[in-house]
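The values are calculated or read from the model by the stated rules, or taken from the named source; none is laboratory data. Only a predicted model underlies this, so the values are computations on that prediction, with no experimental measurement involved. Cβ placement follows ideal geometry from the backbone for every residue including glycine, while neighbour counts extend to all protein chains displayed.
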């Protein structure tokens, strides 16, 4: 049986190596997706930092306040109030601030100065300017008391790298799964349905090679491709994590060990094995490659939905209530565990149970594929 499995495996590996499209999907796509995600995040950050001038204006501003307004992007161009208000409403301008002629801060005065701020709440850039202006105006208000004034004392008792880790833990599971799955989905859905459509499967099934060996050999070939995709994805992950760390302004914010990376890699491979088994069932039941690829999208989307839910802060309280039960659900448990590993760490029991559940699920799926292979109805007549 092992010789038969090896024979099928070698045949499928040779087919994969000859197909440049599959190699592109498995090797270059995972790294490229992680690289581009990091590149776009870095570009967006650099763009926001470079933006210094906006379509925001002021009238009658005190001389000592003008430098602060210019520093957050206000223009010193003199504008007409009515025209500017119209532009703000039409989203052609972002803000107009009008200071009174007798602007002052005096707690003893009977009337306080009123500053008119025109903005557009349906314009994101206008809202950003409002936040920046609020920060500037806060410095002008009378000081009644101070908070955490002693800079020598550490008042924030949380993990300094938590914010960076939270970004990583929320994004990485979904990104890694996406890179691995996209690399192998076409191959997994086509590896049986394609042979069936071309009538090559008829030839295979009448050979002395057992049908179970055929199923296992094909599954191992797809898993090899999944492993290559995972390695490529993790290579891109290194650049992604360094980018997020530099965005946070602390190169030591992401203090992960080699064991953390190894555990994440192992968990991703286990869930890939489970998913491959599920897609192979679809590929075996389908009559054509096109139908197999179409239906295979369903389990993939369910997996991505699980990744989205685990990364959603609003769902965290509800998911936490399930406790250890989260680790008993195939594929879902992998995204949940991966986030825990990258954010706070995970217990050995949680890791073992998650991997075991996905491996068992994958084996069950392969058993179903073997049963379907033993059914003569799957052979095209």
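Note on the range 338-355: residues that are at pLDDT 90 or above and under 20 Å from residue 181 (Cα atoms) amount to 2. With the structure loaded, tell me whether residue 305 is within 20 Å of the chain's Cα centre (by Cα), in the same structural domain as residue 183 (by TED's automatic domain parsing) and surrounded by fewer than 16 Cβ atoms within 10 Å (Cβ to Cβ) or whether it fails that test. The answer is yes for residue 305. Among the residues of the range 55-68, those identified as touching a residue at least 12 places away in the same chain (Cβ under 8 Å) and either surrounded by fewer than 21 Cβ atoms within 10 Å (Cβ to Cβ) or closer than 16 Å to residue 125 by Cα (or both) are 55, 56, 57, 59, 60, 61, 62, 65, 68. Checked against the criterion of being in a helix (DSSP H, G or I) and either outside the structural domain of residue 222 (by TED's automatic domain parsing) or surrounded by 17 or more Cβ atoms within 10 Å (Cβ to Cβ) (or both), the candidates 352, 366 yield just one match: 366.
Of the residues 269, 278, 305, the single one that is closer than 19 Å to residue 30 by Cα, out of contact with any strand residue (DSSP E or B) (no Cβ under 9 Å at 6 or more places or on another chain) and in a helix (DSSP H, G or I) is 269.
Taken over the range 284-300, the residue count meeting the criterion of being over 14 Å from residue 272 (Cα atoms) and in a helix (DSSP H, G or I) is 11.
Say whether the condition of being surrounded by fewer than 20 Cβ atoms within 10 Å (Cβ to Cβ), touching a helix residue (DSSP H, G or I) at 6+ places or on another chain (Cβ under 7 Å) and under 20 Å from residue 229 (Cα atoms) is met by at least one residue in the range 275-290. Looking through the range 275-290, none of the residues is surrounded by fewer than 20 Cβ atoms within 10 Å (Cβ to Cβ), touching a helix residue (DSSP H, G or I) at 6+ places or on another chain (Cβ under 7 Å) and under 20 Å from residue 229 (Cα atoms).
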